[in-house]
Structures are given as C-alpha cells and as structure tokens.
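K.L.:
Can you read through this structure? Questions will come right after.
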Amino acid sequence: MYDYLVVGSGLFGAIFAHEATKRGKSVLVIDKRNHIAGNIYTENKDEINIHKYGAHIFHTSNKEVWQYINKFAEFNRYTNSPIARYKNELYNLPFNMNTFHQLWPSEVFTPSDAKRKIDEEKAEAVCNLQGKEPSNLEEQAMCLIGKTIYEKLIKGYTEKQWGRSCKELPAFIIKRLPVRLTYDNNYFNDIYQGIPIGGYTKIIEKMLENIEVRLNCNYFDHKEELDKISKKIIFTGQIDQYYDYRFGRLEYRSLRFETTRLEEQNYQGNAVVNYTEYEVPYTRIIEHKHFEFGTQPKTIITKEYPLDISGSNEAYYPINDEKNQKIYQQYENLAKSETNVIFGGRLAEYKYYDMHQVIERALNLCK
Ligand code: FAD
Ligand code: UDP
C-alpha cells in the first residue's frame, strides 16, 4: 500500500513526490505519456535541448522558489527578449522604447515622446469606456497601449492563439504583457530568470530519483486497481475528466508542434520570434539552441500552431472565460469535499500557471 499515488509526473507531481518521499512516505508516480516531466520535458537531439512542448523560460521573484529549483539544476543567464514579426516589419518585445521608436521612427525618441504618442493612440478607447473597467481583451489592449500596437502586435497573434475574437476574450490575458518607457527588451519583470543548463528533464529526473514511476499508464484505464493500492491521490490531470465531465467539458486551447532540423548554424538569431499577423498560421518559431547560447553546426526549430482541442489533441491552455470558470467552480466545489484526493497543477486547478507558480503551489501543499 502506497501512502500516495501521484497522477502526473509534471512539475507539480514531481515536487510533491519528492517532498513526500523526503518525509518518509511511500509514493508511486504514474504518467500516461511515455516520458516524465509533463510539459517542461526537454529532449536532447544533435546536442541541442529541444523544448518539446513549447518554449519554457523560468522566471520568478520569489527567492524561496528560486533557491528551491536551483537545488536541482544550474541556471544560465538567458533573458527572454522575443522579436515580433508583423508582415515585413520587426519589433522588439515586450512593448518598450525600442518598440515605440520602431513604430514611430520620426516621432518617438524619448520616454515623453512615447507617452504622448501612446496617450494619443489610446485616447479614443479610454474615452469610450467612460470610466468603466475594460470588459474584454480588445478594450483592455486599446486602453493599455492604443490602436496601432493592438492591430499590429496583439490582435492577430491573440486571435490565432485563442481561436476567437479579442472581443470575446477576458481582459486579464493581456495584462501579463509589460509596457515600459525604458529601452529594456527583457520580457519578464522578475528578479530571477534563466534556463536550466542541460534541459528541464534533468530537474524532474533528480526530483524523482529512487521513486517508482510507471510510464504509459493512464489513471483512468487502471483506476480501480490504483485506488486500491494507495491511501491518497495527488491528481494533476484534467479535473473535468476526473469527474467524468458531469458538469460539462472545460475548454482548452491545444497546440501542434512542427519541428525541423536545418543544415545551417543560425536560422533566426533569437530563441523566440512571434508572428503577429493572423494570416501566418503559426504563432511563433522557437530556435532551441539559443536558449543555451549553442554553437552547434546545425539548428533545430519548432513552429507552434494553435489548435482546438478535439480528438487526441493535448490540453495546453485553459480558457478562463466566464463560462468555463462557472463550470470549473462546480468541479472545484466537489474537489473540496474529497478526503482522499488532492487536485494540483495547471490542468487540475484549471489555471494559467507558470512554472514558478506551480512550484509555489506544490510547496505550500507539502507544508
Ligand atoms: P503538466 O506539465 O501538464 O503535467 C501533468 C502531467 O500529468 C502530464 O505529464 C500528463 O501526461 C499527466 N497526466 C494527465 N492526465 C493523466 C492521466 N489520466 N493519467 C496519467 N497521467 C496523466 N511556464 C513558465 O514558467 N515559463 C514559460 O515560458 C512557459 N511556457 C509555456 C509554454 C507552453 C506552450 C505551455 C503549454 C506552458 C508553458 N508554461 C510556461 C507553463 C508550464 O508548462 C506549466 O506551468 C507547468 O509545466 C505545469 O506543470 P503541471 O505539473 O501542473 O502540469
Ligand atoms: N500576445 C500578443 N502578442 C505577442 C505575444 C503575446 O498579443 O506577440 C498576447 C497573447 O494574447 C498571449 C498573451 O499575450 O496569449 C500572453 O502572452 P505570453 O507570451 O505570456 O503567452 P505564453 O508564453 O504563455 O503562451
């Protein structure tokens, strides 16, 4: 009899399993995939660490979280500074003085020029709101940054990423994006940032050292047997699936990754290039070697195509609009009444968590 069955060997499950084992508990970890590490899985090919499930950049301002993750890997000094390509124009992200000068080269040189220009750009949208809070992503973006940036750098990218109009998307999605009046291309505001040298999979391997792991094992295919051999369950899969969709399906956005090896040393000169126009079907191209300043003779790139979740497509991004939140609340209420099952992580809590937030949640649970 195991003290804990951990369903899912992603970051949440692995931290829980590690901490519980450290405290003398017996743990069995299962995963339906044929590898550990969930979405932070990296695979080494041609001596390049491939981020199999999309670009993963670690960032946090929480010192405890940073110190914790550094026990499992050494991090490099990578700073995320994506480039946005809109038709034949290139812009620095996040929105900062470089972007503003690139957009208005004869008008914006200083922060006060930029402020004046952005105020002018957003004046109409702010006025239309008449003091009310923005109720959707389009209103939020227009008030935050104005029409030109919304149309060139946000609208197309967001509508393909989420598969719906910006008018139907919640405002909070765009609040993640910083707007700065400095020449600073660092995508994140956090104090700590980097990529684990040698890839993320090694972190999870270290966490799960000496812990029994069964791969290719879907909880729902062996539920009866697995429930019998464990006292408690930590479930990190989809909460709606756990409850057999009794309140309806939660919606997710999925992705298709198209990975290609190229016989050249440097394809795009940056780890991440976003394609912000709607007509290009992918949202971004990742060139993996640049996460670790690679100098290999070849390169590997991945195009990310957003998709609906249907058939065997994996669930990646929860769509936290009002309709889905209402459904989730019903599942959450049920979850709270469970005595033997704890739900945690991006899928089970139906939240757009980054890695540092997942670590925080998992450590709090262990405490
Ligand atoms: P997951 O990694 O999804 O792990 C859940 C595991 O459970 C999976 O391995 C799955 O196979 C398994 N599982 C599910 N159901 C079952 C079942 N029925 N039976 C057995 N096993 C099951 N975060 C950042 O901090 N920085 C970034 O740059 C970043 N970029 C991202 C880019 C993309 C494209 C995506 C999708 C996410 C990104 N994230 C990023 C978020 C990050 O991936 C998550 O915060 C983190 O991986 C979540 O860990 P988790 O353990 O909750 O979930
Ligand atoms: N976004 C955008 N243009 C960009 C990058 C991001 O409009 O070039 C919007 C988009 O709606 C996206 C959100 O900002 O979903 C959050 O972006 P982030 O880069 O944090 O997304 P993630 O890396 O989690 O996919």
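None of the figures in this text is laboratory data; all of them are computed from the coordinates on show. Fair warning: this is a prediction, and the values are worked out from it, not measured in the lab. For neighbour counting, all protein chains shown are included, and Cβ atoms are generated from backbone atoms with ideal geometry for every residue, glycine included.
K.L.:
Gap in Å between the Cα centre of the range 130-185 and the Cα centre of the range 206-258?
P.N.:
Here the answer is 34 Å between Cα centres.
K.L.:
What distance in nm separates the two pseudo spin-label positions at residue 25 and residue 296, each 7 Å out from Cα along the beta-carbon direction?
P.N.:
3.8 nm
K.L.:
Considering all alpha-carbon pairs of the range 9-122, what whole percent are spaced by more than 23 angstrom?
P.N.:
That fraction is 56 percent.
K.L.:
Counting just the Cα atoms, what span does the range 256-331 cover along each of its three principal axes? Round to the nearest Å and put the largest first.
P.N.:
Answer, in whole Å and largest first: 53, 27, 23 Å.
K.L.:
Then there's this: DSSP loop (so not H, G, I, E, B), at most 10 other Cβ within 10 Å: list which trypsin sites (Lys or Arg not before Pro) in the range 15-50 pass both filters.
P.N.:
Passing sites in the range 15-50 are 23.
K.L.:
What do the square roots of 5 times the Cα gyration tensor eigenvalues come to for the range 234-367, in whole Å, largest first, as semi-axes of the equivalent ellipsoid?
P.N.:
Ellipsoid half-lengths, sorted descending, are 36, 19, 12 Å.
K.L.:
Quick check on packing: order 150-159, 116-125 by the mean number of other C-beta atoms within 10 Å, highest mean leading.
P.N.:
Final packing ranking: 150-159, 116-125.
K.L.:
For the chain, evaluate the Debye formula with one uniform point scatterer on each Cα (no solvent term) and list log10 I(q)/I(0) at q = 0.08, 0.12 Å⁻¹, rounded to two decimals.
P.N.:
Debye curve over Cα of the chain, log10 I(q)/I(0) at q = 0.08, 0.12 Å⁻¹: -0.45, -0.99.
K.L.:
Given the C-alpha atoms of the range 81-187, compute the convex hull and give its volume per residue in Å³.
P.N.:
94 Å³
K.L.:
Size of the range 308-367 along its principal axes in angstrom, Cα-based, largest extent first?
P.N.:
37, 26, 23
K.L.:
What order do you get for 182-191, 350-359 when each peptide is scored by the mean count of other beta carbon atoms within 10 Å, highest first?
P.N.:
350-359, 182-191
K.L.:
How long is the range 146-189 along each principal axis, judged by its Cα atoms, biggest number first, in Å?
P.N.:
The Cα atoms of the range 146-189 stretch 32, 20, 15 Å along their principal axes.
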